[in-house]
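What follows is a short report on a single structure.
The values are calculated or read from the model by the stated rules, or taken from the named source; none is laboratory data. The structure displayed is predicted, hence computed values, not measured ones. As a convention, Cβ positions derive from the backbone with ideal geometry for all residues, glycine included, and neighbour counts pool all protein chains shown.
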Amino acid sequence: MENSLINTLQMHFALLQNQPLTGGIVAKNLRITDNGSGELSLYGDFTITLKVLDLTTNGAPNLNSLMTFTQQVISNKLRGGGYKSGVIIHKYNSLQKKFDRTKTWTYSIRYNFNITVNVTQINMLSQLKGNDFVLAVVDSIGYQHTDQYGRRQSSAGLTQGDGGPATVSYSEWQKNKYFGVHEFFHTLGLDDIEDSSKKNRLMYHLGDNAGQIVSDTERGNMLNFLMTNIGDITQKNYANINLNTVTRLRTFLNNSTNGFKYNKAKFR
């Protein structure tokens, strides 16, 4: 059974039981309009929750300050809506208010989402669910990569792909408060930037990174990630699919290639 079908059944069950939807992405009051010229506008009230798990050996006394800053920046960068062209999905029937699964169409999408961001601390693995977003704070990260210029680069943070768990070194996060945002935006689907002409960009990740700018294209890509399956917009309420977060985080941290140093006693 596909994750999307499982997710739909779980959402319907929660609604029938009058239980609140939970997860990294929860949306309500979803609706869609079609201008008749190949452009769809999506609307909804979204809550994004990032759970921060402190795995440092000696604790992270400035963690609350870093979390507050991260929450504010994520909110700011996602504000204002977004636009993405060339999106191929099922054809939308505005009269029937549903997608025709027998036909595909190429649309431009306008995202008009009201977004609330919560960055909260958790103290144990049992507080993490399968469809949560997580940022694990570790002592250090040994992983190095070779950039496009052939230079070896250390890592202040690592993220395991779209939707995956993110990590950040506490000492490096203290040096640059944007590192937590940078790693979480990987979770939301953004790639690193190494072009030296774009050092002002938040996703620039080489040694002299100090950028803070997110482009309109990047914002559109992240908003698209919030509702990758646009057909879900017709459900009125929505929570993201199971990301298998707990297992992925455990596998990620235990991968010796990544060189994570952290308090293993906290990770249980």
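For the stretch 53-100, taking the residues that are more than 30 Å from Asn263 (Cα to Cα) and polar (S, T, N, Q), the one that is surrounded by the fewest Cβ atoms within 10 Å (Cβ to Cβ) is identified as Gln96. Residue-level analysis places Val214 among those that are of a type outside the set (Ser, Thr, Tyr) and touching a strand residue (DSSP E or B) at 6+ places or on another chain (Cβ under 8 Å). The C-beta contact set for the stretch 88-101 (first residue basic (Lys, Arg), second residue assigned to a strand (DSSP E or B), distance under 6 angstrom, 6+ apart or interchain) comprises Lys91/Asp100; Lys91/Lys103; Lys91/Trp105; Arg101/His90.
Every residue in the stretch 35-89 that is in a helix (DSSP H, G or I) and among the aliphatic types (A, V, I, L, M), please.
Of the stretch 35-89, the ones in a helix (DSSP H, G or I) are 63-78.
Selection gives Leu63, Leu66, Met67, Val73, Ile74, Leu78.
Kindly establish whether Thr167 is under 15 Å from the mean Cα position of the chain (by Cα), farther than 19 Å from Leu78 by Cα and hydroxyl-bearing (Ser, Thr, Tyr). So Thr167 passes the test. Selection over the stretch 236-252 of residues that are surrounded by fewer than 19 Cβ atoms within 10 Å (Cβ to Cβ) and within 17 Å of Leu53 (Cα to Cα) gives a count of 6.
Within the stretch 253-268, restricting attention to residues that are loosely packed, with under 15 Cβ neighbours inside 10 Å and among the charged types (D, E, K, R), the residue that is nearest to Phe133 (Cα to Cα) is Arg268.
If you go through the stretch 151-171, how many residues are in a loop (DSSP other than H, G, I, E, B) and either in contact with a His (Cβ under 9 Å, 6 or more places away or on another chain) or closer than 19 Å to Asp216 by Cα (or both)? Spell out the reasoning first.
Within the stretch 151-171, the subset in a loop (DSSP other than H, G, I, E, B) is 151, 155-156, 160-165.
From what's left, either in contact with a His (Cβ under 9 Å, 6 or more places away or on another chain) or closer than 19 Å to Asp216 by Cα (or both): 155-156, 160-162, 164.
Count: 6.
Consider Gly207 carefully, then state whether it is modelled with pLDDT under 95, of a type in the set (Gly, Ala, Ser) and touching a strand residue (DSSP E or B) at 6+ places or on another chain (Cβ under 9 Å). Before you say what the answer is, go through the steps one by one.
Numbers: modelled with pLDDT under 95: yes; of a type in the set (Gly, Ala, Ser): yes; touching a strand residue (DSSP E or B) at 6+ places or on another chain (Cβ under 9 Å): yes.
Considered against the rule, which asks whether it is modelled with pLDDT under 95, of a type in the set (Gly, Ala, Ser) and touching a strand residue (DSSP E or B) at 6+ places or on another chain (Cβ under 9 Å), Gly207 comes out as yes.
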